[in-house]
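Input: a single structure, listed below in structure tokens.
The values are calculated or read from the model by the stated rules, or taken from the named source; none is laboratory data. If you're wondering where the values come from, they're calculated on a predicted model, not measured in any experiment. Quick reminder, even Gly has a Cβ in these numbers, built from the backbone with ideal geometry, and neighbours come from all protein chains shown. These accessible areas exclude ligands, DNA and RNA; they are computed on the full protein's heavy atoms, side chains included. Shrake-Rupley method; radii C 1.70, N 1.55, O 1.52, S 1.80 Å.
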Amino acid sequence: VMLGNTGYDSRAEQAIVRSVLSWKPAAMVLTGLAHDRDTVRALRQSAVPVIETWEIGGQPLDLAIGFSHEAAGAAAARHLCGRGRRRLAFLGARLADDARARQRSQGFLAAATGAGAEAVCLDHPAPAGAQVGTILLDRLLREGPAVDGLSCSNDLVALGVLFECQRRGLRVPGDLAVIGFGDQESSAYCNPTLTTIKPSGRVIGEEAGRQILARLAGQQRGDSNTIDTGFSLIQRCST
């Protein structure tokens with residue numbers, strides 16, 4: 001097993017893909033469906049089985065295993081609306097680079113407005129973390145319309161929001177309902193505990209392994225080039 005971490009850098013992904021292909025791998029597993037043209041060309045020319053994970057909805061090179069991030073964002077909006085929240089915001093970090101977080105924001109805004117709620121999206125150029133949550137909540141309260149429900153691009157951003165609410169004396173969920181994404185371990189133990197969307201990460205990894213073994217055994221994949229592993233919305237005290 002060879003591992004590579006590219007962040008959001010398509011050139012780094014291209015370099016790692018070419019390096020790994022030089023070892024004639026049995027299969028290649030990538031994160032996401034977006035790759036630059038040179039990476040796609042190299043993978044197609046290699047004839048190596050390619051599994052793209054964590055995302056569905058586009059056209060995979062070979063097989064995609066994951067879930068719809070737009071649907072995850074929409075689920076967050078519907079949850080907040082179902083709790084009576086009508087003035088919503090999505091807080092994100094590096095949405096121009098993080099395609100999957102951007103898809104969640106788009107799904108959130110579409111579902112919120114479709115339900116008749118007001119909704120805005122705020123973005124910060126720093127990596128997603130607690131500091132981004134505190135900065136964006138401060139900006140939202142100073143510049144934006146009054147809000148009563150927030151969805152964050154991940155749990156760390158949401159934790160920053162909770163910290164800032166405590167500093168300002170805002171009640172969660174009384175004044176502001178907050179939902180994260182990722183189901184980090186700390187989310188079940190912070191105060192209040194954080195409602196979040198849990199991606200099926202382990203299922204995605206296990207299914208990718210099964211598909212690789214099946215291909216190496218000569219088994220046909222079937223008609224579909226997509227496996228939807230879904231996600232779970234875990235309601236806790238913050239909503």
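Side notes on the structure shown:
- Remark: region 149-155, residue by residue, has Karplus-estimated 3J(HN,Hα) of x, 10, 10, 10, 5, 7, 5 Hz, where x stands for each Gly or Pro and the curve is 6.51 cos²θ - 1.76 cosθ + 1.60 at θ = phi - 60°.
- Acute angle (nearest 10 degrees) that the helix 69-82 long axis makes with the longest principal axis of the chain, alpha-carbon atoms: 20
- Among 29-36, 190-197, sorting by the average number of other beta carbon atoms lying within 10 angstrom of each residue, highest first, gives 190-197, 29-36.
- Nitroxide proxy distance, nm - points 7 Å out along Cα→Cβ at Thr193 and Leu3: 3.0
- Accessible surface, per residue, of the chain when the full set of protein chains is kept, probe 1.4 Å, Å²: 50
- Within the accessible surface of region 23-146, defined with a 1.4 Å probe on protein heavy atoms only, the carbon and sulfur portion equals 49 percent.
- Considering only Phe67, Phe163, Phe181, the mean-square fluctuation computed in a Gaussian network model of the chain, springs between alpha carbons under 10 angstrom, is largest for Phe163.
- For a label point 7 Å along the Cα-to-beta-carbon line of Leu170, residues of region 127-148 with backbone N under 17 Å: 129-148
- Derived scalar couplings ³J(HN,Hα) [region 13-28; Karplus, 6.51 cos²θ - 1.76 cosθ + 1.60; whole Hz; x for Gly, Pro]: 4, 4, 5, 5, 4, 5, 5, 5, 4, 5, 8, 6, x, 6, 6, 10
- Under 5 Å, built H, 5+ apart or other chain: amide partners of Asn154: Phe181
- Rounded to the nearest 20, the Cβ-based charge dipole of the chain about its Cα centre (Lys and Arg +1, Asp and Glu -1) stands at 140 debye.
- The HN-Hα couplings worked out from phi for region 38-45 by the Karplus form 6.51 cos²θ - 1.76 cosθ + 1.60 (θ = phi - 60°) are 5, 5, 4, 4, 5, 5, 5, 5 Hz, whole numbers, x standing for Gly and Pro.
- Ranked from largest to smallest solvent-accessible area, with a 1.4 Å probe on the protein heavy atoms, Met2, Met28 come out as Met2, Met28.
- Region 70-140: trypsin sites (Lys or Arg not before Pro) in DSSP coil with no more than 15 other Cβ atoms inside 10 Å: Arg83, Arg86
- DSSP bridge orientation in the chain - percent antiparallel, rounded to nearest 5: 15
- Backbone amide hydrogens, once placed in the peptide plane, bring Leu95 within less than 5 Å of His124, excluding anything fewer than 5 places away on its chain.
- For Ser19, net neighbour charge (Lys/Arg +1, Asp/Glu -1) across residues whose Cβ lies under 15 Å away: 0
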